[in-house]
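Peer 1: Please see the structure below; I have some questions.
The values are calculated or read from the model by the stated rules, or taken from the named source; none is laboratory data. Keep in mind that what you see is a predicted model, and the values were worked out from it rather than measured. A quick note on method: Cβ atoms are made from the backbone with ideal geometry, for glycine too, and the neighbour counts reach across all protein chains shown.
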Amino acid sequence: MATHQPPENATSRFSDRVADYVRYRPGYPEGVLTMLRDRGWLKRGDQVADIGSGTGIFTHLLLEEGAEVFAVEPNTGMREAAEAMLGHHALFHSIAASGEETTLEDQSLDLIVSAQAFHWLDRARARREFTRLLKPGGQIVLVWNVRQTASTAFLRDYENLLLHFAPDYAQVRHENVDAEALASFFTGGVFGKHVFANHQSFDFSGLRGRLLSCSYAPAEGHPLHEPMIEELRRLFETHEQNGSVTFHYATEVFFGR
């Protein structure tokens with residue numbers, strides 16, 4: 001398997017982004033859950049780990065399906081946000097651990113999901129851990145909302161803004177997990193893929209929050225922060241229609257053993 005080392009601050013880099021992450025990150029289309037149900041991978045009472053569960057966006061969907069969910073998240077602020085939203089749920093378990101060392105029991109899981117998080121993991125160590133955790137026949141599902149960077153004039157300009165103002169944007173993009181990396185992760189190099197359409201629309205305040213929810217966006221106090229926000233406002237004023245702009249995503253779902 002090809003060597004992959006996540007950034008040293010992979011666990012901590014979202015700590016000052018939690019509020020914006022909760023409010024402005026996209027959800028996931030119903031088609032994703034329908035696919036999991038139809039294939040028999042997600043049934044009421046199944047034991048599921050959500051690896052890198054963050055603020056609980058995908059965890060919530062799994063709980064709604066009647067699964068018992070172990071939400072594995074190393075970042076304290078994001079984990080506490082999920083606990084505040086989902087802590088009342090009897091089938092929700094908050095696990096303060098990494099995806100490479102989950103502390104869960106051997107062969108205890110029917111399904112492992114990682115939504116918008118797998119690119120932060122050390123893949124070789126995660127593969128060993130997932131192999132340890134899954135019951136025979138268990139499935140792995142990786143999900144990303146992929147911004148369609150060239151689909152509209154606004155999104156092309158937004159991508160250029162990130163390339164210009166976000167110093168480590170290229171380094172941490174989830175697109176760095178390519179087909180070769182996935183083939184080396186899944187058994188026998190065999191995996192499937194489904195794609196679903198998704199979108200979000202924002203006024204300027206929402207657009208600003210969506211940008212600042214990203215770990216690579218310079219935060220307040222950084223010398224690039226104010227120029228970035230000024231350019232963001234210019235983009236919004238150029239492209240808004242009826243007071244909003246739209247993010248188009250392809251929600252990509254990869255699955256295998």
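Peer 1: Scan region 47-83 for residues that are within 16 Å of Ser114 (Cα to Cα) and among the charged types (D, E, K, R) and report the count.
Peer 2: Matching residues across region 47-83 total 4.
Peer 1: Just give me the residues in region 225-249 being surrounded by fewer than 18 Cβ atoms within 10 Å (Cβ to Cβ) and hydroxyl-bearing (Ser, Thr, Tyr), in sequence order.
Peer 2: Thr238, Ser244, Thr246
Residue-wise test of (1) buried (at least 17 other Cβ atoms within 10 Å of the Cβ); (2) in contact (Cβ under 8 Å) with a residue 60 or more places away in the chain; (3) under 30 Å from Arg127 (Cβ atoms); (4) of a type outside the set (Phe, Trp, Tyr).
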{"site": "Thr187", "(1), (2), (3), (4)": "no, yes, yes, yes"}
{"site": "Phe202", "(1), (2), (3), (4)": "yes, yes, no, no"}
{"site": "Arg208", "(1), (2), (3), (4)": "yes, no, no, yes"}
{"site": "Ala219", "(1), (2), (3), (4)": "no, yes, no, yes"}
{"site": "Pro223", "(1), (2), (3), (4)": "no, no, no, yes"}
{"site": "Thr251", "(1), (2), (3), (4)": "yes, yes, yes, yes"}
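Peer 1: Looking only at region 122-166, count how many residues are modelled with pLDDT of 95 or more, buried (at least 20 other Cβ atoms within 10 Å of the Cβ) and within 18 Å of Ala179 (Cβ to Cβ).
Peer 2: 6
Peer 1: Further question on the same structure: Of Val190, Val113, Val195, Val146, which residue is touching a Lys or Arg at 6+ places or on another chain (Cβ under 9 Å) and aliphatic (A, V, I, L, M)?
Peer 2: Val190
Peer 1: Now, a different point. Mind telling me which of the residues Ser12, Ser94 ends up being of a type in the set (S, T, N, Q) and at pLDDT 95 or above?
Peer 2: Answer to the selection: Ser94.
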